[in-house]
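Engineer: Below are the structure tokens for one structure; questions will follow.
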Amino acid sequence: MKTRVRYFALFREQAGCDTERVDWSGGTAAELFRLMASKHPLLRSQAAALVAINDEMSSWEASVNEDDEVLFFPPVAGG
Amino acid sequence: MKTRVRYFALFREQAGCDTERVDWSGGTAAELFRLMASKHPLLRSQAAALVAINDEMSSWEASVNEDDEVLFFPPVAGG
Amino acid sequence: MKFSVSDRPIDVEAAKIAVTDCHCGAFVSFEGWIRDHNEGQAVERLEYEVYRPVAEKEGAKIIDEALARFAVSHAICIHREGLLELGEIAVIVCVSAAHRGAAFDACRYIIDQVKTRLPIWKKEHYVTGVSEWVNCEQCAAAGHAHGDHRHE
Amino acid sequence: MKFSVSDRPIDVEAAKIAVTDCHCGAFVSFEGWIRDHNEGQAVERLEYEVYRPVAEKEGAKIIDEALARFAVSHAICIHREGLLELGEIAVIVCVSAAHRGAAFDACRYIIDQVKTRLPIWKKEHYVTGVSEWVNCEQCAAAGHAHGDHRHE
């Protein structure tokens, strides 16, 4: 199953890219993050990191569907 | 004992004057207010009314001393 | 001057500048505006009577209390007196702090205290031509009509 | 627009006008200022990265939540993006209401939510030449170093 992954801020620096396409067996957003972290040794999960799917905030337990775009947000720090 | 009394806002309208001198036997600020209310039929005590003596906020139980100036503040409504 | 009374329109920018500080990350301000109605009556204008000698002294105390109780850097409050039109600013409170929690708490503390402790009274002039002294917040909140209760 | 992202300096006066209403007696505003230090380090400038598609949608939701939860009339929030110098306004929240309690509560709710829910990140550029992504408030409050804990 094909999924587009996007990284922001610290995660982008840790992954070394801002977007990539991944072909995987599917699963939750959390499982996708762990898969990507295994590919990018610097990419580390963080407390309070957030995830969005197709530009909608999501939970880490949400299932990723075919052709979804998954956005990994490191801990936010607005204001 | 001589005391100068000043009225503000609603109390001034109820007393019909802004300042008066009173010669009385002395007592607390509350007793002085009751005395003045007996002189001015429209002057009525109000919940949350405040009193100051010689430009310092005071309690109604404070004793009034010779030559003190007592200020009667109806309920305040700043802001 | 941390607390002052003004008979001219409040200079909002100047009040803000008075609390500006490069060590501060948070700024909170409150403004009281003259609105067009109160307790169901249409208001035309408003008149503030201020007894300055006590208001200025107590106002400065309130600011000092806020600076002592909360982790804030600067605080200022300006209150109008005299005749005000609809939409005018009756009172402004500006607070700056390292962090926002203390700034919010201090700003709220100051305006709450200013409204209940300072010898300031307002008379509302209604569109009907009638005018009336406005009772304190607590009395209004308790639903009392003017003058129907006694203190002491 | 109740929530917006701006790459130019925030127009404070325009934000205030957006919530001005003759039925409102209370106005509360919060501004986040770029301060000269953070966690003991001297800051030279700050860079905000904003992912607009989600930030704008979630920001508008936060404003709607505040309008639904508190008795306020109007609320607006503007957040900067890009490079900011010391003293600049990073974010502003303006709220107007009939009474001040709701205005304070709504203003605080909005800034609290904006800081924890919107995809906005800041990179601090220190006077030492080093720059670093700033961790979220909760992580900082818990005293964690960057990246030393895991979620999920």
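The values are calculated or read from the model by the stated rules, or taken from the named source; none is laboratory data. A quick note: this is a predicted structure, and the numbers were derived from the prediction, not measured. All Cβ positions, glycine included, derive from the backbone under ideal geometry; neighbour counts span all protein chains shown.
Engineer: Quick check on this structure: which one of D:Ala26, D:Ala66, D:Ala103 is out of contact with any Cys (no Cβ under 7 Å at 6 or more places or on another chain), surrounded by 22 or more Cβ atoms within 10 Å (Cβ to Cβ) and within 28 Å of A:Ala52 (Cβ to Cβ)?
Structural biologist: Working: D:Ala26 fails: within 28 Å of A:Ala52 (Cβ to Cβ); D:Ala103 fails: within 28 Å of A:Ala52 (Cβ to Cβ).
Exactly one residue qualifies, and that residue is D:Ala66.
Engineer: Oh, and also: Name the residues in the stretch D:18-33 that are under 16 Å from C:Arg35 (Cβ atoms) and either of a type outside the set (D, E, K, R) or in contact with a Phe, Trp or Tyr (Cβ under 7 Å, 6 or more places away or on another chain) (or both), would you? Steps first, answer last, please.
Structural biologist: Let us first name the residues in the stretch D:18-33 that are under 16 Å from C:Arg35 (Cβ atoms), namely D:19-28.
Result: D:Val19, D:Thr20, D:Cys22, D:His23, D:Cys24, D:Gly25, D:Ala26, D:Phe27, D:Val28.
Engineer: Oh, and also: Among the residues of the stretch D:96-129 satisfying the criterion of being more than 14 Å from chain A (Cβ to nearest Cβ) and aliphatic (A, V, I, L, M), which is farthest from D:Cys24 (Cα to Cα)? Even if it seems obvious, please write down each step before you answer.
Structural biologist: Going residue by residue through the stretch D:96-129, those that are more than 14 Å from chain A (Cβ to nearest Cβ) are D:96-106, D:125-129.
Retained after the next criterion (residues that are aliphatic (A, V, I, L, M)): D:97-98, D:102-103, D:106, D:127.
On the way: D:Ala97: 5, D:Ala98: 4, D:Ala102: 11, D:Ala103: 10, D:Ala106: 14, D:Val127: 44 Å.
Ranking the qualifying residues of the stretch D:96-129, first place goes to D:Val127.
Engineer: Exactly one of (1) within 10 Å of the chain's Cα centre (by Cα); (2) in a loop (DSSP other than H, G, I, E, B) is unmet by B:Val5. Its number?
Structural biologist: (2)
Engineer: Continuing with the same structure: Could you list all residues from the stretch C:13-66 that are of a type in the set (D, E, K, R), more than 8 Å from every other protein chain (Cβ to nearest Cβ) and out of contact with any Asp or Glu (no Cβ under 7 Å at 6 or more places or on another chain)? Give the steps one after another, and end with the answer.
Structural biologist: Here is the first cut: in the stretch C:13-66, the residues of a type in the set (D, E, K, R) are C:13, C:16, C:21, C:31, C:35-36, C:39, C:44-45, C:47, C:49, C:52, C:56-58, C:61, C:64-65.
Remaining after also requiring more than 8 Å from every other protein chain (Cβ to nearest Cβ): C:13, C:16, C:21, C:39, C:44-45, C:47, C:52, C:56, C:61, C:64-65.
If the condition is that a residue be of a type in the set (D, E, K, R), more than 8 Å from every other protein chain (Cβ to nearest Cβ) and out of contact with any Asp or Glu (no Cβ under 7 Å at 6 or more places or on another chain), then C:Glu13, C:Lys16, C:Asp21, C:Glu39, C:Glu44, C:Glu47, C:Arg52, C:Glu56, C:Lys61, C:Asp64, C:Glu65 are the ones that fit.
Engineer: List pairs: first residue in the stretch C:100-123 and closer than 29 Å to B:Leu10 by Cβ, second residue among the polar types (S, T, N, Q) and modelled with pLDDT under 95 anywhere in the structure, Cβ distance under 9 angstrom, at least six positions apart or on different chains.
Structural biologist: If the second residue must be among the polar types (S, T, N, Q) and modelled with pLDDT under 95, the pairs left are C:Thr116/C:Gln138; C:Lys123/C:Ser131.
Engineer: Then there's this: One residue is enough: does the stretch B:25-43 have a residue meeting the conditions at pLDDT below 95 and within 23 Å of C:Gln113 (Cα to Cα)?
Structural biologist: No, the stretch B:25-43 has no match at all.
Engineer: If you go through the stretch C:60-79, how many residues are closer than 19 Å to C:Pro9 by Cβ and touching a Leu at 6+ places or on another chain (Cβ under 9 Å)?
Structural biologist: To start, the set of residues in the stretch C:60-79 that are closer than 19 Å to C:Pro9 by Cβ comprises C:76-79.
Those still in the list that are touching a Leu at 6+ places or on another chain (Cβ under 9 Å) too: C:79.
Total meeting the criteria: 1.
Engineer: For the stretch C:69-88, does any single residue satisfy the condition of being within 28 Å of D:Ala90 (Cβ to Cβ) and in a helix (DSSP H, G or I)?
Structural biologist: The initial filter retains those residues of the stretch C:69-88 that are within 28 Å of D:Ala90 (Cβ to Cβ), namely C:69-78.
Still in the list and also in a helix (DSSP H, G or I): C:69.
For the stretch C:69-88, residues within 28 Å of D:Ala90 (Cβ to Cβ) and in a helix (DSSP H, G or I): present.
Engineer: What's the total number of residues in the stretch B:57-79 that are part of a loop (DSSP other than H, G, I, E, B) and among the aromatic types (Phe, Trp, Tyr)?
Structural biologist: Total satisfying the criteria: 1.
Engineer: Here is a list: D:Ala145, D:Ala140. Which entry is assigned to a loop (DSSP other than H, G, I, E, B), more than 13 Å from the chain's Cα centre (by Cα), at pLDDT below 95 and hydrophobic (A, V, I, L, M, F, W, C)? So that I can check it myself, show each step before the final result.
Structural biologist: On the way: D:Ala140 fails: assigned to a loop (DSSP other than H, G, I, E, B).
That would be D:Ala145, the only listed residue that is assigned to a loop (DSSP other than H, G, I, E, B), more than 13 Å from the chain's Cα centre (by Cα), at pLDDT below 95 and hydrophobic (A, V, I, L, M, F, W, C).
Engineer: If you don't mind, there's one more thing I want to ask. From the list A:Ser38, A:Ser25, A:Ser63, pick out the single residue that is hydroxyl-bearing (Ser, Thr, Tyr) and closer than 24 Å to D:Lys57 by Cβ. Give the steps one after another, and end with the answer.
Structural biologist: Working: A:Ser38 fails: closer than 24 Å to D:Lys57 by Cβ; A:Ser25 fails: closer than 24 Å to D:Lys57 by Cβ.
On inspection, the qualifying residue turns out to be A:Ser63.
Engineer: Looking for something more than 11 Å from every other protein chain (Cβ to nearest Cβ), in contact with an Asp or Glu (Cβ under 8 Å, 6 or more places away or on another chain), surrounded by fewer than 17 Cβ atoms within 10 Å (Cβ to Cβ) and not charged (D, E, K, R) - is there at least one such residue anywhere in the stretch A:1-18?
Structural biologist: There is at least one residue in the stretch A:1-18 that is more than 11 Å from every other protein chain (Cβ to nearest Cβ), in contact with an Asp or Glu (Cβ under 8 Å, 6 or more places away or on another chain), surrounded by fewer than 17 Cβ atoms within 10 Å (Cβ to Cβ) and not charged (D, E, K, R).
Conditions (1) within 15 Å of the chain's Cα centre (by Cα); (2) aliphatic (A, V, I, L, M), marked per residue:
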position	(1), (2)
D:His74	no, no
D:His79	yes, no
D:Cys94	yes, no
D:Ala98	no, yes
D:Ile110	yes, yes
D:Trp121	yes, no
D:His125	no, no
D:Ser131	no, no
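Engineer: So for the stretch A:9-20 (the condition being among the acidic types (Asp, Glu) and outside any helix (DSSP H, G or I)), does at least one residue qualify?
Structural biologist: Narrowing the stretch A:9-20 to residues among the acidic types (Asp, Glu): A:13, A:18, A:20.
If we keep only those that are outside any helix (DSSP H, G or I) too, we end up with A:18, A:20.
Yes, the stretch A:9-20 has at least one match.
Engineer: Taking the stretch C:41-82, which residues are in contact (Cβ under 8 Å) with a residue 12 or more places away in the chain and of a type in the set (Gly, Ala, Ser)? It would help to see each step written out before you state the result.
Structural biologist: At the first step, the residues of the stretch C:41-82 found to be in contact (Cβ under 8 Å) with a residue 12 or more places away in the chain are C:41-52, C:54-56, C:58-60, C:62-67, C:69-82.
Within the stretch C:41-82, C:Ala42, C:Ala55, C:Gly59, C:Ala60, C:Ala66, C:Ala71, C:Ser73, C:Ala75, C:Gly82 meet the criteria.
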